[in-house]
């Protein structure tokens with residue numbers, strides 16, 4: 001997957017400004033254990049007098065997605081609590097050392113942005129295989145990011161908390177209206193400052209929803 005940009009002057013795509021950090025959604029792709037699988041079926045093919053039509057079935061936490069409070073609290077809110085400008089703006093890609101599998105406060109270098117994207121060895125694993133030992137945040141790491149007054153946190157793993165661990169991480173972020181983006185693909189993004197554009201599908205009262213996430217180089 002190569003970064004690309006659109007030039008309004010030339011009207012063509014060229015490899016320069018934008019990096020797509022979304023995982024591609026494909027029929028039969030790997031999902032988190034217990035989540036619905038992805039099915040993309042052709043209802044009808046385009047032919048003379050008819051338009052093509054497909055049916056897409058997928059879980060709310062498929063690929064690159066955000067979580068909402070409804071993910072952990074049945075009486076919680078959905079995406080409606082997040083203003084659009086929380087998803088768009090200055091962001092920082094922070095690279096975590098390759099030997100770390102549980103990110104604690106001491107593992108997170110100094111940052112200056114309110115939107116932090118954690119790049120780990122997850123970005124270099126086979127996207128067609130689920131790794132149960134994916135890199136994720138600890139409760140201590142989550143508290144450290146809250147102390148930095150973030151408004152959005154993203155990670156390149158299927159979840160921001162370790163599989164099988166008590167879920168204090170989601171609690172800390174979602175109850176403080178922090179946008180949580182999971183399933184990012186950051187292999188092409190070196191550490192540093194960017195502008196993030198990360199828009200969810202416009203579905204409000206839901207526990208999670210896929211997003212298209214793109215970075216552009218900061219000026």
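Bear in mind these aren't lab numbers, they're just calculated from the coordinates by the rules spelled out. Everything quoted here is computed from the prediction, not taken from an experiment. Neighbour counts run over all protein chains shown; Cβ positions are idealised from the backbone, glycine included.
Considering only 147, 23, 44, the mean-square fluctuation computed in a Gaussian network model of the chain, springs between alpha carbons under 10 angstrom, is largest for 44.
Its relative contact order, with pairs defined as Cα atoms under 8 Å and 6+ residues apart, puts the chain at 28 percent. The packing ranking, built from the mean of other Cβ atoms within 10 Å per residue, places the peptides 188-199, 135-146 in the order 135-146, 188-199, highest first.
With 10 angstrom as the radius, rank 131, 67 by how many other C-beta atoms surround their C-beta, starting from the fewest.
If I rank by nearby Cβ atoms, fewest first, I get 131, 67.
The slack between residue 88 and residue 205, meaning 0.36 nm per residue of separation minus the straight C-alpha distance, is 40.0 nm. Between residue 217 and residue 73, residue separation times 0.36 nm minus the direct Cα-Cα distance comes to 48.2 nm.
Determine the distance separating the Cα centre of the stretch 91-123 from the Cα centre of the stretch 143-173; give it in Å without decimals. Computed from Cα coordinates, the inter-centre distance equals 11 Å.
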